[in-house]
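The values are calculated or read from the model by the stated rules, or taken from the named source; none is laboratory data. Because the structure is predicted, anything quoted here is derived from the model rather than measured. Quick reminder, even Gly has a Cβ in these numbers, built from the backbone with ideal geometry, and neighbours come from all protein chains shown.
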Amino acid sequence: MNVQSVFYTSLYFVAVLYTFAFVLYGIRAIKGPTTADIIMAVDCLSFDMAAFMVILGIYFRSILLASGAIILALWAYMLDVYYTKYVLYGEVEV
Amino acid sequence: MIGEAVFLAGMVMIFIGAVYDVIASIGMLRFDDFYLRAHAATVGTIGGAVLPIFGAGLVALVSPWLGALRYFLTGIALTTGVLILLTAPTGSHSLVSAVYFGRIGRPPRLVVDHLAEDLPVRKDVEELVREHEDLPGEEGEARFVFRRVRR
């Protein structure tokens, strides 16, 4: 039993756990009472999806799948900052 | 030997990160206040995203079946981990401050609120905003005044 088969076998359990977490985050993102709840759920969903995309990039041996994680992480941060500026200052200044 | 030890450490980090992620998502669904959900979100971003990304970087560094691709994957994993480690607390802090100062949703159920005692009362803020909006040509200072606090 070499290293590769250990990784490929244990990734099934990790994928099940991550998918369960994604579904629960998605439920909160759909039924959130305010917009801030939706944005916080989408924020967590984006960061965890970035982590899962790096793991999938190792699984499929793809460099393109892993490099999208950087953009996904920065996009979630941009969502937070723009919502804060819109709520507190009334406008989004770049 | 050292390669297998690093691989085992990376896989343990990935598993612990996945468990953190499930715990944070259950907390995000079950808590009934925004500020408690912010606590769950902190667990989900640092424990559930940064830890498995560093673990994936360690796994990719010692995986021989990836060939020359493993250095690219390790670099991407470490870069994304450091970026999330920097941006996730900043984003959560700004979002919670927006909800608190903008008075969105229900007010927080607190025993004592020291931040509300230190803030200026609402009439002062109104006067500040009105005085500032009458002044022409000083739009650079507008970013230090909360405009939505008036409601």
- Query: Which one of these does A:M53 not meet: (1) more than 7 Å from every other protein chain (Cβ to nearest Cβ); (2) over 22 Å from B:G44 (Cα atoms)?
  - Reply: (2)
- Task: Specify the residue that is nearest to B:L85 (Cα to Cα); the eligible residues are those in the stretch A:41-94 that are acidic (D, E) and in a loop (DSSP other than H, G, I, E, B).
- Result: A:E93
- What number of residues within the stretch A:7-40 are in a helix (DSSP H, G or I), within 7 Å of chain B (Cβ to nearest Cβ) and not hydrophobic (A, V, I, L, M, F, W, C)? 5
- Item | Per-region count, the stretch B:84-95, residues of a type in the set (A, V, I, L, M) and surrounded by fewer than 20 Cβ atoms within 10 Å (Cβ to Cβ) | 2
- Task: Could you check how many residues of the stretch B:25-41 are surrounded by 17 or more Cβ atoms within 10 Å (Cβ to Cβ) and either hydroxyl-bearing (S, T, Y) or more than 7 Å from every other protein chain (Cβ to nearest Cβ) (or both)?
- Result: 3
- Residue tally, condition farther than 19 Å from A:G26 by Cβ and touching a residue at least 40 places away in the same chain (Cβ under 8 Å), over the stretch B:5-40: 10
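Return yes or no: is B:A88 within 8 Å of chain A (Cβ to nearest Cβ), over 24 Å from A:Y8 (Cα atoms), in a helix (DSSP H, G or I) and in contact (Cβ under 8 Å) with a residue 12 or more places away in the chain?
Taking the combined requirement at face value, the residue satisfies it.
Take the residues in the stretch B:63-78 that are at the interface with chain A (Cβ under 8 Å from one of its Cβ atoms) and modelled with pLDDT under 90; name whichever of them is surrounded by the fewest Cβ atoms within 10 Å (Cβ to Cβ).
The qualifying residue surrounded by the fewest Cβ atoms within 10 Å (Cβ to Cβ) is B:P64.
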